[in-house]
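Enquirer: Mind having a look at this structure? Questions to follow.
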Amino acid sequence: MPRRLLIAGCGDLGMRLAARLNTDAWAVTGLRRNASALPESMAALSADLSRPETLRQLDRDWDAVIYQPTPGQRDESAYRRTYVEGLSNLLDRVRPRRLIFVSSTAVFGQDEGEWVDEQSETEPSRFNGRLVLEGERLALAAAAESLVVRFSGIYGPGREYLVDSVRSGRASCRPEPPQWTNRIHAEDCAAVLEHLLELNDPESVYCASDCRPAVRCEVMGWLADRLGASPPQHLDPGEGGGQGKRVDNHRLLASGFEFQFPDYQHGYGAILS
């Protein structure tokens with residue numbers, strides 16, 4: 001009998017994940033405010049995680065729940081509703097054996113080019129990182145097997161802001177001091193979630209970013225060359241904020257995961273081709 005999986009906040013990544021799973025092994029239910037967009041291959045449930053009364057139709061017991069909604073707006077109240085109140089509402093209703101909370105490397109406050117991993121301090125300076133971190137703590141206390149996966153910047157089909165900015169000539173970056181960037185292709189995100197669903201004796205936290213953090217100007221310059229576009233505009237040393245961080249993915253690799261797109265050249269190369 002297939003195991004039962006609930007994807008709460010089932011958008012692009014959830015649908016990518018469902019397409020990867022063996023239907024003999026997993027029976028998938030996707031929950032989102034408007035479930036009409038979900039494919040027929042999964043059970044669809046229209047509900048609003050911020051409104052507990054809409055969750056009454058949910059079954060109690062699940063083999064696994066993946067919590068991955070996205071805020072409708074980029075403000076503090078929307079983040080609290082999504083990552084803290086929504087998760088609390090769901091956990092008042094369901095009881096998963098394994099809970100995977102989709103988090104972000106925004107929980108790290110480091111901004112001077114440091115390397116960060118699962119053991120690094122989490123002291124975010126912005127509200128988004130603080131509220132996602134609050135959701136992490138709630139998730140880790142909620143189930144017999146609770147996992148947090150911290151994705152870096154997600155790109156892929158439909159997530160092509162950087163490509164569009166370079167193509168249009170709007171791209172800018174600061175050569176010195178360098179600005180470090182981290183990314184992961186959307187298909188690798190789905191593969192990570194599949195991997196963590198099946199992983200025996202997982203750790204509680206995983207950083208999920210590709211194998212090569214890269215300087216922003218390097219990435220933009222490479223894209224400009226591939227697109228036949230103008231190189232990015234260079235900012236002065238005092239402009240453009242801090243230096244960012246570099247995300248270490250060794251724990252994920254040690255668990256047996258293999259990237260389809262291990263760096264930006266493989267990932268963006270597939271998009272551009």
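Enquirer: Tell me the residue from Pro96, Pro2, Pro69, Pro52 that is closer than 20 Å to Ser209 by Cα and not hydrophobic (A, V, I, L, M, F, W, C), please.
Expert: Values: Pro96 fails: closer than 20 Å to Ser209 by Cα; Pro2 fails: closer than 20 Å to Ser209 by Cα; Pro52 fails: closer than 20 Å to Ser209 by Cα.
Among Pro96, Pro2, Pro69, Pro52, only Pro69 is closer than 20 Å to Ser209 by Cα and not hydrophobic (A, V, I, L, M, F, W, C).
Enquirer: Further question: Which one of Ala224, Ala191, Ala208, Ala186 is out of contact with any strand residue (DSSP E or B) (no Cβ under 8 Å at 6 or more places or on another chain), among the small types (Gly, Ala, Ser) and closer than 30 Å to Ala143 by Cα?
Expert: On the way: Ala224 fails: closer than 30 Å to Ala143 by Cα; Ala208 fails: out of contact with any strand residue (DSSP E or B) (no Cβ under 8 Å at 6 or more places or on another chain); Ala186 fails: out of contact with any strand residue (DSSP E or B) (no Cβ under 8 Å at 6 or more places or on another chain).
On inspection, the qualifying residue turns out to be Ala191.
Enquirer: What are the residues in the range 234-251 that are part of a helix (DSSP H, G or I) and either polar (S, T, N, Q) or loosely packed, with under 15 Cβ neighbours inside 10 Å (or both), if any?
Expert: Within the range 234-251, just His250 meets the criteria.
Enquirer: Also, quick follow-up: If a residue must be in contact with a Phe, Trp or Tyr (Cβ under 8 Å, 6 or more places away or on another chain), over 15 Å from Ile154 (Cβ atoms) and hydroxyl-bearing (Ser, Thr, Tyr), how many such residues does the range 246-273 contain?
Expert: 1
Enquirer: I'd like to know if the range 175-193 contains one or more residues that are assigned to a loop (DSSP other than H, G, I, E, B) and either acidic (Asp, Glu) or in contact with a Phe, Trp or Tyr (Cβ under 9 Å, 6 or more places away or on another chain) (or both).
Expert: Yes, there is a match, as at least one residue in the range 175-193 is assigned to a loop (DSSP other than H, G, I, E, B) and either acidic (Asp, Glu) or in contact with a Phe, Trp or Tyr (Cβ under 9 Å, 6 or more places away or on another chain) (or both).
Enquirer: Here's something else I'd like to know. Of everything in the range 7-64 that's in contact (Cβ under 8 Å) with a residue 24 or more places away in the chain and among the polar types (S, T, N, Q), which residue is farthest from Ala190 (Cα to Cα)?
Expert: Across the range 7-64, the extreme among qualifying residues is Ser50.
Enquirer: Which ones in the range 87-98 are of a type outside the set (Lys, Arg) and either farther than 22 Å from Leu6 by Cβ or free of Cβ contacts under 8 Å to residues at least 60 places away in the same chain (or both)?
Expert: Leu87, Ser88, Asn89, Leu91, Asp92
Enquirer: Would you check if Ser77 is small (Gly, Ala, Ser) and either crowded, with 20+ Cβ neighbours inside 10 Å or within 29 Å of Trp180 (Cβ to Cβ) (or both)? Give the derivation first.
Expert: Values: small (Gly, Ala, Ser): yes; either crowded, with 20+ Cβ neighbours inside 10 Å or within 29 Å of Trp180 (Cβ to Cβ) (or both): no.
In short, no.
Condition check ((1) among the polar types (S, T, N, Q); (2) under 20 Å from Ser146 (Cα atoms); (3) at pLDDT 95 or above) across all residues:
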residue: Tyr67; (1), (2), (3): no, yes, yes
residue: Ala78; (1), (2), (3): no, no, yes
residue: Ser88; (1), (2), (3): yes, yes, yes
residue: Leu91; (1), (2), (3): no, yes, yes
residue: Arg98; (1), (2), (3): no, yes, yes
residue: Val102; (1), (2), (3): no, yes, yes
residue: Thr105; (1), (2), (3): yes, yes, yes
residue: Glu112; (1), (2), (3): no, no, yes
residue: Gln119; (1), (2), (3): yes, yes, yes
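Enquirer: Further question on the same structure: How about the range 252-273: which of its residues are in a loop (DSSP other than H, G, I, E, B), in contact (Cβ under 8 Å) with a residue 12 or more places away in the chain and of a type in the set (Ser, Thr, Tyr)?
Expert: Our first condition is that a residue be in a loop (DSSP other than H, G, I, E, B); within the range 252-273, this holds for 255-263, 273.
Those still in the list that are in contact (Cβ under 8 Å) with a residue 12 or more places away in the chain too: 255-257, 259-263.
The answer is Ser255, and nothing else.
Enquirer: Within the bounds of the range 195-208, is there any residue that is in contact (Cβ under 8 Å) with a residue 60 or more places away in the chain, touching a Pro at 6+ places or on another chain (Cβ under 7 Å) and in a helix (DSSP H, G or I)?
Expert: Quick first cut of the range 195-208, residues in contact (Cβ under 8 Å) with a residue 60 or more places away in the chain only: 195-197, 203-207.
Adding the requirement that they be touching a Pro at 6+ places or on another chain (Cβ under 7 Å) leaves 196.
Now narrow it down to the ones that are in a helix (DSSP H, G or I): 196.
Checked against the condition, which is being in contact (Cβ under 8 Å) with a residue 60 or more places away in the chain, touching a Pro at 6+ places or on another chain (Cβ under 7 Å) and in a helix (DSSP H, G or I), the range 195-208 yields at least one hit.
Enquirer: Which condition does Asp210 not pass, out of (1) loosely packed, with under 15 Cβ neighbours inside 10 Å; (2) closer than 30 Å to Ala27 by Cα; (3) touching an Asp or Glu at 6+ places or on another chain (Cβ under 6 Å), if it passes all the others?
Expert: Asp210 satisfies every listed condition except (1).
Enquirer: Can you tell me which residue among Tyr83, Tyr79 is out of contact with any Gly (no Cβ under 7 Å at 6 or more places or on another chain) and of a type outside the set (Val, Ile, Thr)?
Expert: Tyr79
Enquirer: Within the set of pairs 6+ apart or on separate chains, which have a first residue in the range 127-152 that is within 24 Å of Glu198 (Cα to Cα), a second that is in a helix (DSSP H, G or I) and of a type in the set (D, E, K, R), and C-beta atoms under 7 Å apart?
Expert: Val148/Glu136
Enquirer: What is the residue count in the range 209-233 for residues that are assigned to a loop (DSSP other than H, G, I, E, B) and free of Cβ contacts under 8 Å to residues at least 24 places away in the same chain?
Expert: Residues meeting the conditions: 2.
Enquirer: Anything in the range 119-156 that is farther than 27 Å from Asp201 by Cβ and of a type in the set (S, T, N, Q)? List them, or say none.
Expert: Ser125, Asn128
The values are calculated or read from the model by the stated rules, or taken from the named source; none is laboratory data. Computed from a predicted model, the values in this text were never measured in an experiment. All Cβ positions, glycine included, derive from the backbone under ideal geometry; neighbour counts span all protein chains shown.
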